[in-house]
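Quick note: the coordinates plus some simple rules give every number you see, no bench work behind them. In this text the structure is predicted, and so the values were computed from the model without any measurement. Note that each Cβ is placed from the backbone with ideal geometry, even for glycine, and that neighbours are counted across all protein chains shown.
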Amino acid sequence: MSLISIGTMAFDNVETPFGKAENIIGGACTYISWSASYFTQDLHIVAVVGDDFPQKELDELTARGVNLDGLQIKKGEKSFFWAGKYHSNMNMRDTLDTQLNVLADFHPVLPPDQRNADYVMLGNLTPSVQLEVINQFIERPKLVVLDTMNFWMDTAMDSLKEVLKHVDVITINDEEARQLSGEHSLVKAATVIQKMGPKYLIIKKGEHGAMLISGDEMFIAPGLPLEEVFDPTGAGDTFAGGFIGYLAMTDDISFDNMKRAIIYGSAMASFCVEKFGLEKLKELTMVQIEARAREFKRISDFNLD
């Protein structure tokens, strides 16, 4: 099944308690696509970069089966740049610098042959830009997943609520779920958010796992204890890529299959944080991914008899 990812492709400067990495490749679309490429090959990117973005990185994505026809390359302009520093607990970070560059006036254009996509991952972008993408599809995709953040809740809540009317799944963290819903209880928050449009709510809880909620159904995936976490940057996008990549591969959007997709997304995210940037994602094998998914099952499986 065809999968389109819309989001940022960027340069990142990252500082964690384990060290620094400068001008590494990042961006939501990049992490999503690398993660999803382990599950499905009919992949498409809709994004924008400057002519400073390395051709080598684009060639590697193409080699992974990612179609770049929807990628805009702006000559003479610079790609999006972000710099951040993580606190000692790795759950909090300070943004040190953000340079929108080509992203400042980005208007995505879906190639004609991609306007019938089956699965759509709307990476974290301005809600109005996400809506621009949705309006270009000829027919409603089989599944639309949206990622967002508290910044858009602070600055573009009306636009965000409009986009939510057109999506099936929203992925946010627990703090964002409370802000969007106005409810402290995550169960109540899910009820409020689902009334805004999404049938499914995924609440990402970092090292503590993830929740999938739809109506009265709920699934909680554990966090996998890791010996070392070097860089959490991109973990949420890697999770989203694994989640929707698995769904596109299996072409099954039942709640039970979404539970499996949550585990595979969590497995991919757990790999991502083990090295800086995309480094770990570029060296994985399906054998490693399956083993990591089974580890999630092992630590959460029990029998009441």
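With 29 Å as the limit, write out which pairs from K85/K297; K78/K280; K259/K282 have Cα-Cα distances beyond it, or answer none. Result: K85/K297 exceed 29 Å. What does DSSP give for the range 3-300 in terms of the percent of beta bridges that are antiparallel, rounded to the nearest 5? Antiparallel bridges: around 40 percent, rounded to the nearest 5. Ordering T8, V169, N150 by the projection of their Cα atoms onto the charge dipole of the range 3-300, which places +1 on the Cβ of Lys and Arg and -1 on the Cβ of Asp and Glu, puts V169 at the extreme positive end.
Taking the Cβ of F230 as the center, what net charge do the other residues with Cβ under 12 Å away carry, scoring Lys and Arg +1 and Asp and Glu -1? Please list the in-between numbers first.
Values: positive: K20, K275, K280; negative: E15, E227, E228, D231, E274, E279.
Local net charge: -3.
A dipole drawn for the chain from +1 and -1 charges on Cβ atoms has a positive end, and of M90, A47, T250 the residue lying farthest that way is T250.
3J(HN,Hα) along the range 96-113: 8, 7, 9, 10, 5, 6, 5, 6, 4, 10, 6, 10, x, 10, 7, x, x, 7 Hz, from the Karplus curve 6.51 cos²θ - 1.76 cosθ + 1.60 with θ = phi - 60°, whole Hz, x for Gly and Pro.
Once Rg and Dmax of the Cα atoms in Å is calculated for the structure shown, the corresponding label among (i) 18.8, 66; (ii) 18.0, 66; (iii) 17.9, 56 turns out to be (ii). For the chain, the dipole from Cβ point charges (+1 on Lys and Arg, -1 on Asp and Glu) about the Cα centre works out to 320 debye, to the nearest 20.
Within the same chain, aspartates and glutamates fewer than 8 places from K205 are excluded, and of the rest, those with a Cα less than 12 Å from its Cα are D174, E175, E176.
Expressed as a fraction of 2.2 N^0.38 Å, the rule-of-thumb size for a compact globular protein of N residues, what is the C-alpha radius of gyration of the range 105-147? Don't skip to the answer; put the middle values down first.
On the way: Rg = 9.9 Å, N = 43, 2.2 N^0.38 = 9.2 Å.
So the Cα radius of gyration is 1.08 times the expected 2.2 N^0.38 Å.
Between F18 and N91, 0.36 nm times their residue separation minus their Cα-Cα distance comes to what? Please report the intermediate quantities before stating the final value.
On the way: separation 73, 0.36 × 73 = 26.28 nm, distance 1.40 nm.
Contour length minus Cα-Cα distance gives 24.9 nm.
Projecting the Cα positions of L61, P17, C29 onto the charge dipole of the range 1-118 (unit charges on Cβ atoms of Lys, Arg, Asp and Glu, taken about the Cα centre) puts P17 furthest along the positive direction.
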